[in-house]
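S.K.: Pasting a structure below so you can have a look.
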Amino acid sequence: MTSQQQDLKTLIPDLRNIPLDRLAELGSSALAQSIALYRERLRENGITLSSFQARILLTQPDPD
Amino acid sequence: MITHHLLPEAAFNALAEGGGDQAAIQLLHHAQLSKHLMLLQAIAGASAGTDRGSAAFRAGFELLARIQATDPGAGAWLLGLPHLGGWAHDCLIRLDQGSPTDLGYFACLAAAAAIRVGVPFELDVPVRHGRIRLPGLGSLLVAAPSAWTGLCCDGEQVTAGDHFAADRRLLAPDDGLAGAPQEWSGTPAIRAVADGLAWNVLLETGDSYLDRYTLPISTGLSPAELQRWRNHLRSAWDVLVRYHRWAAEPMVAGISVIVPLTPHSDTDLVSATTPAAFGAIATSWPPDQVTLAETLVHEFQHVKLCGLLDMVPLLESGGEKVYAPWRQDPRPVGGLLQGVYAHLGIMRFWLAQQHAETGQDDVLRAQASLARWGAAIGPAVRTLQETGCLTQAGLRFVRLLGARAGDEASGAVPDEAREIAGEAALDHWLTWQIRHVATDAAEVADLADAYRRGERFPAGAQPRTWLQEETRKVDSAMRTRLLNMRYLAAARYRELCADGALPLSEPDRLLIARRSGEAVRAYRALIADCADPQPDAWIGLALALHQLPASPLQATFATRLALLFDVHLCLGGRVDPLDLAGWLT
C-alpha cells in the first residue's frame with residue numbers, strides 16, 4: 001500500500017464506527033449529501049444488472 | 001465529523017489491472033457496509049408510519065444498534081449480506097416511486113444477525129408463504145396462517161408464535177449435517193477447501209431480494225441437485241486455487257452467495273451480477289468445472305468493478321452506444337466498461353488455463369479463448385477512450401487495464417488457435433455491422449448513381465452512419481455456431497462435419513470446409529443472381545475472402561460491409577459484389 005497522500009478519497013462516507021442510532025444526528029451533514037447523491041444515481045440509472053451473460057452450450061444441442 | 005473511505009493508489013491500480021488482493025477486496029467490502037448504512041438511514045427517514053411494516057423496521061433498526069454495541073462483527077455480517085443490499089435498493093426505489101415497501105423484511109434481517117450470536121430480542125416479523133425468512137441463515141415454517149408472527153430469542157432459545165421453540169444454534173445454514181428441527185430449512189452452505197484455501201459460500205434459493213437476475217432463481221432443489229451443486233462448486237474451487245490463485249484468494253473475501261438460476265433452455269448458460277447485491281453471483285448450471293471456474297472469474301470481475309464504481313466515479317453520464325465484441329447489441333459506455341473489465345479477467349483465466357489443460361481439444365479451447373478475448377480488449381479500450389465519457393480516474397483505470405491486457409496478449413498463441421479465434425471474432429463484428437449499422441439513404445443513392453454512371457468512387461465520400469437496434473435481419477446462427485464450435489466444442493464440431501448432414505447452404509458448407517475460393521464464388525453468385533437482399537451471404541462472402549491471401553478488398557468488407565450492402569441493394573441487386581467492393585475500395 002502507498003502513502004496517505006496517494007489515497008483516493010471516495011464518494012462513500014465511512015460510517016462503520018458510528019453507532020446506528022447516532023446516524024440520525026448526522027442528518028444534515030455530509031451524510032445527507034452522500035445519501036442524496038446515491039439516491040439521485042439510483043433514480044437516473046435504476047438498478048440494471050452489471051452483467052448478464054448468456055451463452056449457448058455448444059456441446060449439448062444438436063444443430064438441427 | 002465524517003471522513004470518507006479511502007482507496008490507496010496501489011489498490012486502485014491492482015483492481016484496474018484486473019486483480020486486487022484480499023486487502024483490496026476488503027476495502028470494497030468495507031465501503032459496501034457504509035453504503036448499506038447510508039441506505040438504512042435513508043429508509044429510516046421514511047419509516048415513521050404507524051403501520052406494522054414501519055414498526056417492524058424501527059424494531060429491527062433498534063435491534064441492529066444493540067447488536068453493533070454487543071458484537072460489532074455480527075453487525076458487520078448483517079451489513080455485508082447481499083440480501084440486505086438487494087432489499088435496501090428495492091426499498092429505496094419503491095419509496096421514490098411512492099410504491100408500497102416491504103419494511104418488515106428488515107426485522108427478519110436483524111433477527112437473523114441476533115440469532116446468530118445470541119442477542120436477545122422480541123420482534124414481530126412477516127410470514128411469507130408460511131415461512132419466516134432469516135436471511136443468511138434459512139427459513140422457518142410456521143403453522144399459524146397469519147401474515148405476521150412474534151419471534152423471540154432469549155439469547156439461547158428461539159420461539160416463534162406459540163408453536164415453535166428451539167436452540168438458536170440449530171437455526172443455522174445447512175452444511176449437509178443433520179440435526180436441525182424439521183420446521184427449519186437452512187440455506188445450503190458450501191465449504192470448499194483446496195490447498196489450504198477455504199471458501200465459504202451460501203447457495204441461496206429462497207430469498208426474494210436475490211431473485212433479481214431476469215431469469216428465475218432455482219427454488220426447490222432436490223437433495224441430489226443440491227449435492228451436485230456442492231460437488232461442482234468444490235471442483236471449480238480446485239481449478240481456481242490450483243491455477244488461478246490471483247482470482248481465488250480475493251474471491252474468499254468478495255463472494256459469499258451463489259444464486260442458482262433456471263435458464264429458458266437446458267442448453268443455455270446464463271450468469272449475472274447486480275450492483276445492488278455486492279458479494280452475490282448468479283449462474284445457471286454450468287456443464288463442467290472449468291466453465292464454472294471461468295464464470296466465477298468473469299462475474300467476480302463485475303462484482304469488483306461495481307464496488308469500485310460505488311467509491312470512485314469512472315464515467316460521466318451520456319455517450320453513444322458502441323460495439324462490444326462479446327455482445328450482439330450495441331452497448332452503453334458503462335456496459336462496455338463492465339464487459340472489457342470482465343474479459344480482462346477471462347483473458348487472464350485462459351492464459352493460465354492453457355497450461356493446465358492436457359487434452360488436445362481443451363488446450364485448443366483455452367488458447368483460442370485467450371486469442372479471441374486478448375485481441376478484443378485493445379480495440380474496446382480505444383473505443384472507451386474515444387467516447388469522452390471517462391472521468392480522470394476512469395481514463396487512468398482504462399489505461400492501466402489496456403496496458404495489462406497488452407502485456408498478457410503478447411504471449412504466443414499457436415497459429416491454428418489464433419486463426420479460429422480470429423474468424424469467430426470477424427463473424428461477430430460483421431454480423432453486428434449488418435444488424436445494427438444504418439446508412440444515410442440519400443448518400444447511398446448518390447453513390448449508387450455514381451457507380452451506375454461508371455464514375456470513380458467520389459474521393460473522401462463518407463456516408464453518414466448510425467446505430468439501430470435492428471437495421472437488417474440476419475439469420476446465420478448455424479454458421480456462427482459452427483465457427484464457435486470449432487474451439488468451444490471441437491469434438492462435436494468434427495462429428496458434425498464428418499457426418500455431412502449440416503443444415504447449411506452450399507456456400508456456407510464450402511466456407512466451413514475451408515474451400516475458400518469455391519465459397520467466394522458461391523456467395524458471389526448467390527448475391528449477384530438474387531434480386532432479394534442476402535445479408536447472410538454478404539457476411540459469408542466477407543468471411544470467405546478473409547480465408548484467402550491478404551487483399552485490399554478484405555479491409556473494405558471488414559469495415560464498410562453495411563455500406564456495401566446498402567449500395568448494392570440500391571442498385572437493385574444483380575451486381576457483382578466484388579466489382580462493387582473494388583469500386584468502393
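S.K.: Search the range B:155-214 for residues being small (G, A, S) and within 23 Å of B:L63 (Cα to Cα), and hand back the single one that is nearest to the other protein chains (Cβ to nearest Cβ).
M.R.: B:S208
S.K.: Output the residue which, of all residues in the range A:4-24 that are more than 7 Å from chain B (Cβ to nearest Cβ) and not aliphatic (A, V, I, L, M), is surrounded by the fewest Cβ atoms within 10 Å (Cβ to Cβ).
M.R.: A:Q5
S.K.: Let me ask something else. Could you tell me which of the residues B:A11, B:A59 is of a type in the set (A, V, I, L, M) and within 22 Å of A:Q6 (Cβ to Cβ)?
M.R.: None of the other options fit; the residue is B:A11.
S.K.: Looking at the range A:18-25, can you tell me whether even one residue there is assigned to a helix (DSSP H, G or I), at pLDDT 85 or above and small (G, A, S)?
M.R.: Within the range A:18-25, not a single residue is assigned to a helix (DSSP H, G or I), at pLDDT 85 or above and small (G, A, S).
S.K.: Next up: Please indicate, with yes or no, whether at least one residue in the range B:62-76 is more than 11 Å from chain A (Cβ to nearest Cβ) and closer than 29 Å to A:L49 by Cβ.
M.R.: no
S.K.: Condition test on B:T267, is it β-branched (V, I, T), without any contact (Cβ under 8 Å) to a residue 12 or more places away in the chain and over 24 Å from B:Q26 (Cα atoms)?
M.R.: It is true that B:T267 is β-branched (V, I, T), without any contact (Cβ under 8 Å) to a residue 12 or more places away in the chain and over 24 Å from B:Q26 (Cα atoms).
S.K.: Tell me yes or no: at least one residue of the range B:411-427 is out of contact with any Cys (no Cβ under 9 Å at 6 or more places or on another chain), within 14 Å of chain A (Cβ to nearest Cβ) and assigned to a helix (DSSP H, G or I).
M.R.: yes
S.K.: Among B:E518, B:E495, which is the only one that is part of a helix (DSSP H, G or I), closer than 29 Å to B:T291 by Cα and acidic (D, E)?
M.R.: Unique residue meeting the criteria: B:E495.
S.K.: Quick one: would you say B:Q353 is of a type in the set (S, T, N, Q) and under 30 Å from B:L79 (Cβ atoms)?
M.R.: no
S.K.: Out of all the residues in the range B:313-353, which are part of a helix (DSSP H, G or I) and more than 30 Å from B:R242 (Cβ to Cβ)?
M.R.: B:V333, B:G334, B:G335, B:L336, B:L337
S.K.: How many residues does the range B:485-515 contain that are within 32 Å of the chain's Cα centre (by Cα), more than 18 Å from B:A544 (Cα to Cα) and more than 10 Å from chain A (Cβ to nearest Cβ)?
M.R.: Of the residues in that region, 2 qualify.
S.K.: Restricting the search to the range B:519-544, which residues are among the acidic types (D, E) and modelled with pLDDT of 95 or more?
M.R.: Hit for the range B:519-544 is B:D536, nothing else.
S.K.: How many of the residues making up the range A:25-52 are of a type in the set (S, T, N, Q) and either facing another protein chain (nearest Cβ under 7 Å) or in contact with a helix residue (DSSP H, G or I) (Cβ under 7 Å, 6 or more places away or on another chain) (or both)?
M.R.: Count: 4.
S.K.: Okay, next question. Quick one: would you say B:R514 is buried (at least 22 other Cβ atoms within 10 Å of the Cβ) and of a type outside the set (S, T, Y)?
M.R.: No; evaluated as a whole, the condition is false for this residue.
S.K.: Here's a follow-up. Being touching a Gly at 6+ places or on another chain (Cβ under 6 Å), surrounded by 18 or more Cβ atoms within 10 Å (Cβ to Cβ) and away from chain A (no Cβ under 14 Å) narrows it down to one residue among B:T387, B:T471, B:T431; which is it?
M.R.: B:T387
S.K.: Now for a different question. Between B:L400, B:L370, which is in the same structural domain as B:D329 (by TED's automatic domain parsing), assigned to a helix (DSSP H, G or I) and crowded, with 22+ Cβ neighbours inside 10 Å?
M.R.: B:L370
S.K.: Out of the range B:442-461, which residues are free of Cβ contacts under 8 Å to residues at least 60 places away in the same chain, over 16 Å from B:A581 (Cβ atoms) and outside any loop (DSSP other than H, G, I, E, B)?
M.R.: B:A442, B:E443, B:D446, B:D449
S.K.: Surrounded by 12 or more Cβ atoms within 10 Å (Cβ to Cβ), within 13 Å of chain A (Cβ to nearest Cβ) and hydrophobic (A, V, I, L, M, F, W, C): is that true of B:L482 in this structure?
M.R.: Yes: the conditions hold for B:L482.
S.K.: Exactly one condition in (1) at positive phi; (2) within 31 Å of the chain's Cα centre (by Cα); (3) of a type outside the set (S, T, Y) is not met by B:G460; state its number.
M.R.: Against the list (1) at positive phi; (2) within 31 Å of the chain's Cα centre (by Cα); (3) of a type outside the set (S, T, Y), B:G460 comes up short only on (2).
S.K.: When the residues of the range B:1-28 are filtered to those that are modelled with pLDDT under 95, within 7 Å of chain A (Cβ to nearest Cβ) and assigned to a loop (DSSP other than H, G, I, E, B), which remaining residue is surrounded by the most Cβ atoms within 10 Å (Cβ to Cβ)?
M.R.: B:I2
S.K.: Would you mind finding the one in B:E299, B:E225 that is in a helix (DSSP H, G or I) and more than 9 Å from chain A (Cβ to nearest Cβ)?
M.R.: Every option except B:E225 fails the conditions.
S.K.: For the range B:462-475, indicate whether the set of residues that are in contact with a strand residue (DSSP E or B) (Cβ under 7 Å, 6 or more places away or on another chain), part of a helix (DSSP H, G or I) and not β-branched (V, I, T) is non-empty.
M.R.: No, the range B:462-475 contains no residue that is in contact with a strand residue (DSSP E or B) (Cβ under 7 Å, 6 or more places away or on another chain), part of a helix (DSSP H, G or I) and not β-branched (V, I, T).
S.K.: Surrounded by 17 or more Cβ atoms within 10 Å (Cβ to Cβ), part of a helix (DSSP H, G or I) and more than 14 Å from chain A (Cβ to nearest Cβ): which single residue out of B:A542, B:A525 fits that description?
M.R.: After ruling out the rest, the residue left standing is B:A542.
S.K.: Here is a check on your reading of the model: is B:L33 more than 7 Å from chain A (Cβ to nearest Cβ), among the aliphatic types (A, V, I, L, M) and under 16 Å from A:R16 (Cα atoms)?
M.R.: Against the criterion (more than 7 Å from chain A (Cβ to nearest Cβ), among the aliphatic types (A, V, I, L, M) and under 16 Å from A:R16 (Cα atoms)), B:L33 does not qualify.
The values are calculated or read from the model by the stated rules, or taken from the named source; none is laboratory data. These numbers come from a predicted model, not from an experiment. When we count neighbours, we look across all protein chains shown, and the Cβ atoms used for this are built from the backbone with ideal geometry, even at glycine.
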